[in-house]
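A quick write-up on the structure given underneath.
The values are calculated or read from the model by the stated rules, or taken from the named source; none is laboratory data. On a predicted model such as this, the values are computed, not experimentally measured, just so you know. Cβ: placed from backbone, ideal geometry, glycine included. Neighbour counts: every protein chain shown. The protein model used for the area step is the full one, side chains on, heavy atoms only, and it has no ligands, DNA or RNA in it. Shrake-Rupley method; radii C 1.70, N 1.55, O 1.52, S 1.80 Å.
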Amino acid sequence: MTKYLVGLALIFASNIALAANCTIDIEANDAMKFNQQNLTIDSSCKKVTLTLKHTGKLPANAMGHNWVMTKGADLMEIANAGMAAGLNNNYLPTGDSRIIAATKIIGGGQSDTIEIDTSKLTKGGDYAFFCSFPGHWAIMKGKVTVI
Ligand code: ZN
């Protein structure tokens with residue numbers, strides 16, 4: 001009986017470890033910060049589920065955040081184009097293929113979950129993430145490593 005329970009616990013633990021590789025949870029706050037600067041996407045996952053949670057209290061029009069993934073070289077151009085696109089377009093140019101993945105803009109207490117298709121990604125490629133709310137990307141950005 002004890003052996004059986006230990007075995008069960010191990011299976012349970014390994015399932016959790018497996019699931020964790022295909023899930024990314026990241027938080028943003030009223031201090032204009034993400035809680036992580038380095039994310040890893042495991043390309044052995046067909047899809048990676050990313051959830052952005054805004055842990056602050058300020059509304060989307062004052063301290064909105066999104067999570068946008070582009071190639072590192074495209075970050076600045078997409079961020080600048082996003083500024084002109086406005087809140088109704090989640091501060092992103094519509095239909096721009098350089099945007100690999102993006103959540104919508106959310107306010108305090110809200111969250112948004114997206115799926116990232118890993119088949120489009122290259123292992124070891126230069127990828128970045130940022131928030132496209134005007135003025136935020138200078139601080140709210142980080143690196144995405146694809147393994
Ligand atoms: Zn932001």
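Annotations for the structure displayed:
- Charge-dipole axis of the chain as Lys and Arg at +1 and Asp and Glu at -1 on Cβ define it, positive-most pick from Ile99, Ile24, Met69: Ile24
- Net lengthening on full extension, Ala62/Ser97 (0.36 nm per residue, minus Cα-Cα): 9.8 nm
- Pairs exceeding a 24 Å alpha-carbon distance, out of Lys47/Lys104; Lys123/Lys143; Lys57/Lys143: Lys57/Lys143.
- GNM flexibility winner over the chain from Ala28, Ala101, Ala79 (Cα, springs under 10 Å): Ala101
- Between helix 75-85 and the chain there is an angle of about 60 degrees, using the helix long axis and the longest principal axis of the Cα atoms.
- Length gained on full extension, Thr40 to Glu27, computed as 0.36 nm times the residue gap minus the Cα-Cα distance: 3.2 nm.
- A simple charge model with +1 on the Cβ of Lys and Arg, -1 on the Cβ of Asp and Glu and nothing else charged puts the dipole of the range 54-147 at about 180 debye relative to its Cα centre.
- Virtual spin-label span in nm between Asp126 and Ala138, 7 Å along Cα→Cβ: 2.3 nm
- Portion, in percent, of the accessible area of the range 22-146 that falls on carbon or sulfur, probe 1.4 Å: 48 percent
- Rg over Rh for the chain works out to 1.07, using Cα positions for both radii and the Kirkwood form for Rh.
- For Val146, the residues 5 or more places off, or on other chains, whose built amide H falls under 5 Å of its own are Ile41, Gly124, Gly125.
- Counting only protein heavy atoms and a 1.4 Å probe, the chain has 55 square angstrom of accessible area per residue.
- Each stretch of four or more DSSP H residues adds -39500 (n - 2.57); spread over every residue of the chain, this sum gives -7500 deg cm²/dmol at 222 nm.
- Residue order by solvent-accessible surface for Cys131, Cys22 is Cys22, Cys131, largest first, with ligands and nucleic acids left out and a 1.4 Å probe.
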